[in-house]
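Worksheet: the structure to be examined is printed underneath.
The values are calculated or read from the model by the stated rules, or taken from the named source; none is laboratory data. Bear in mind that the values here come from a model prediction, so they are computed numbers and not experimental data. Note: ideal-geometry Cβ built from the backbone for every residue, glycine included; neighbour counts use all protein chains shown.
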Amino acid sequence: RKAVEDAAKDEPAVTTDGHQVAVVANIGGADDAREAMQHGAEGVGLLRSEFVFMERPTAPTEQEQADVYAECSRALKPGQPLVLRTLDVGGDKPLSYLPIPKEENPFLGLRGVRVGLEQPEVLRTQLRAIFAAAGAGAELHVMFPMIATIADWRAAKAIFDEEKAASGITTKVSCGIMMEVPSVAVMAQQFAAEEGCDFFSVGTNDLTSYTLAMDRGHPKLAAQVDPCNPAVLTLIGQAAAALHAQGKWLGVCGGVASDPQAVPILVGLGVDELSASIPAIPSVKAKVREYSLEQCKELAAQAVTCSTPEEVRSLVPMDQD
Ligand code: PEP
Ligand code: MG
């Protein structure tokens, strides 16, 4: 099986009835970007930019950041998408030089874009670095993590617009939202109607945690934090329908995009792009090719009527080797 998947890794992921799904990679930096290309990635669906900030005593300068983003961009084929997620710290991801006051409930506190809105210079510097890297090859997309309200989005987008105007670049840089708080999935229609909101990508790791109110790292609960829970799949399916009605696309960049059993269900729910871990890319593409879009839609329709994640998983046979 692996040999067959690897042989076709550079071919597009097209269902038996001709529906193409973009298969891209989750990366942490330029080395990953190059490796992703070797595994057949069609771009990057999630650059976890916090990796550029981690394991160093001070914050990277604007120039240092711009260099990394440009290097990632150059590693891709011209015109391929590079989705850069702005700094996502707080919660489970601390940074020594960017102190976040100790909180009773860090997962419900200052994390993701909330840190950037609280300390706008951090977000502004990062956006300037991203705009400086525009034109290096890939098509840039900026994505804000942990958006929960329309006010969050408008505040972040206003900063994006100001910095883009100040940068003087004329290249199009798309701007989108990470769907990892249930409110964004529930209100997908309103978010999609926001001016300049181009795309969404589901962070199923956090979306599952917040939907079930269970910490994905909790020793007793983590096993139940399954993104194939019908509640999570229902949110994704309803959001996809609302976004498509307004011509916006939806990716999935959480871990479930790398899960072969989930792939046909996600495609059937209307997901346009799967952003997987680098080694999983050939098998994700192969999985898409095994099904017709009609079969995927049928599986998705059944999945959202299931009562448990186990029932959902029993719909899709596991690979035997
Ligand atoms: C997610 O929450 O699914 C996600 C992709 O973001 P991270 O795992 O980096 O929190
Ligand atoms: Mg997340």
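Listing for the model above:
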read-out	value
Residues that are over 16 Å from E273 (Cβ atoms), within 16 Å of ligand 2 (Cβ to nearest atom) and hydrophobic (A, V, I, L, M, F, W, C), drawn from the stretch 165-206	V181, V184, A185
Residues that are surrounded by 24 or more Cβ atoms within 10 Å (Cβ to Cβ), closer than 17 Å to G90 by Cα and without any contact (Cβ under 8 Å) to a residue 60 or more places away in the chain, drawn from the stretch 123-147	F144, I147
Output for the stretch 196-216, where each listed residue is more than 11 Å from ligand 1 (Cβ to nearest atom) and in contact with a helix residue (DSSP H, G or I) (Cβ under 9 Å, 6 or more places away or on another chain)	G196, C197, F199, F200, T211, L212, M214, D215
Criterion (surrounded by fewer than 16 Cβ atoms within 10 Å (Cβ to Cβ) and within 14 Å of ligand 1 (Cβ to nearest atom)) met by exactly one of A222, A245, A257	A222
Selected residue (criterion: farthest from the chain's Cα centre (by Cα)) from residues of the stretch 49-70 that are polar (S, T, N, Q) and crowded, with 17+ Cβ neighbours inside 10 Å	Q65
Boolean, A286 is away from ligand 2 (no atom under 16 Å from the Cβ), closer than 20 Å to A148 by Cα, at pLDDT 95 or above and more than 17 Å from the chain's Cα centre (by Cα)	no
Residues that are away from ligand 2 (no atom under 16 Å from the Cβ), of a type in the set (A, V, I, L, M, F, W, C) and within 20 Å of the chain's Cα centre (by Cα), drawn from the stretch 143-152	I150
Qualifying residue in the stretch 203-215 (condition: in a loop (DSSP other than H, G, I, E, B), surrounded by 16 or more Cβ atoms within 10 Å (Cβ to Cβ) and in contact with a strand residue (DSSP E or B) (Cβ under 8 Å, 6 or more places away or on another chain))	yes
Members of the stretch 33-77 that are in contact with a strand residue (DSSP E or B) (Cβ under 7 Å, 6 or more places away or on another chain) and among the hydrophobic types (A, V, I, L, M, F, W, C)	A33, A36, A41, V44, L46, L47, C72, L76
Test: L98 is over 25 Å from A134 (Cα atoms), away from ligand 1 (no atom under 16 Å from the Cβ) and either modelled with pLDDT of 95 or more or of a type in the set (A, V, I, L, M) (or both)	yes
Count - residues of the stretch 86-145 that are part of a loop (DSSP other than H, G, I, E, B), of a type in the set (D, E) and out of contact with any Lys or Arg (no Cβ under 8 Å at 6 or more places or on another chain)	3
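For every residue, the table says whether it meets (1) under 25 Å from L315 (Cα atoms); (2) touching a strand residue (DSSP E or B) at 6+ places or on another chain (Cβ under 8 Å); (3) not in a helix (DSSP H, G or I).
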{"site": "A156", "(1), (2), (3)": "no, yes, no"}
{"site": "A185", "(1), (2), (3)": "yes, yes, no"}
{"site": "Q190", "(1), (2), (3)": "no, no, no"}
{"site": "E194", "(1), (2), (3)": "no, no, yes"}
{"site": "Q238", "(1), (2), (3)": "yes, no, no"}
